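Each remark here refers to the structure printed beneath this line.
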Amino acid sequence: MAAPKRDRPQLPKGYIQTTPKGMLTWPKAKKILTTFPYLWIATADADGRPHLVQSWGVWVDDILYFEGSDKTRWARNLAREPRISFGVQNGDMAVYGQATADIVRGPDRKLAAKVAKAYGAKYGRKFKYRPKPEQYTKSHVFRARPEKVIAFDVLKFNTSAARFTFAP
């Protein structure tokens, strides 16, 4: 997958500098996306109210994957309205973004193995969580294809903030 287009987020004048100096690169943003401990997902209820949940998640091949029951409120919201917002933070480094999500039922073995390996590497040591690919091939995993993400160093927001836009 090609790297997303990078530019500055559109914020009111004076919030951030407009020159590219200091702006986070895609490899830096990707590091945040592959190492975050917890993920926040926002969906919309039928009446438009936001619904926010915390979850585990993994970033594989520039796509966000997360687990959960398809019977939960957020999953039912997602089935009705696939657009989500999400946010992650690792120390002083943060990313938030927008994506279109879906449920992948019975993903192929190759994808299931990649997702299981990423979960095991990320959560295995601390939480003793090492899923097998069959956990996904016999069930499902949620997939969120990013459209736009904003990444920044919280301590240097005015110079580090970068927006990454993904090709459709």
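The values are calculated or read from the model by the stated rules, or taken from the named source; none is laboratory data. Bear in mind that the values here come from a model prediction, so they are computed numbers and not experimental data. Backbone-built Cβ (ideal geometry, glycine too); neighbour counts: all protein chains shown.
Just to verify a result, which residue in segment 124-146, among those that are over 15 Å from the mean Cα position of the chain (by Cα) and more than 19 Å from S69 (Cα to Cα), is surrounded by the most Cβ atoms within 10 Å (Cβ to Cβ)?
Among those that are over 15 Å from the mean Cα position of the chain (by Cα) and more than 19 Å from S69 (Cα to Cα), it is G124.
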The lone condition L64 fails out of (1) touching a Lys or Arg at 6+ places or on another chain (Cβ under 6 Å); (2) within 24 Å of F166 (Cα to Cα) is (1)
Here the qualifying pairs (Cβ atoms under 8 Å; residues six or more apart or on different chains; first in segment 47-62 and closer than 25 Å to K126 by Cβ and touching a residue at least 60 places away in the same chain (Cβ under 8 Å); second hydrophobic (A, V, I, L, M, F, W, C) and part of a strand (DSSP E or B)) come out as W56/L39; W56/F66; V58/L64; V58/F66
In segment 36-57, how many residues are surrounded by fewer than 17 Cβ atoms within 10 Å (Cβ to Cβ) and in contact with a Phe, Trp or Tyr (Cβ under 9 Å, 6 or more places away or on another chain)? 8
Determine the pairs where a residue that is surrounded by 14 or more Cβ atoms within 10 Å (Cβ to Cβ) and among the hydroxyl-bearing types (S, T, Y), located within segment 5-28, has a partner that is in a helix (DSSP H, G or I) and at pLDDT 95 or above with Cβ atoms under 6 Å apart, the partner being 6 or more residues away or on another chain. none
Checking D153 against (1) in contact with a Phe, Trp or Tyr (Cβ under 9 Å, 6 or more places away or on another chain); (2) within 28 Å of R6 (Cβ to Cβ); (3) of a type outside the set (A, V, I, L, M); (4) buried (at least 16 other Cβ atoms within 10 Å of the Cβ), only one condition comes out false. Which one? (1)
Within segment 80-102, the residues that are of a type in the set (A, V, I, L, M) and touching a Lys or Arg at 6+ places or on another chain (Cβ under 7 Å) are A99, A101
Out of curiosity, is I150 free of Cβ contacts under 8 Å to residues at least 60 places away in the same chain and touching a strand residue (DSSP E or B) at 6+ places or on another chain (Cβ under 9 Å)? no
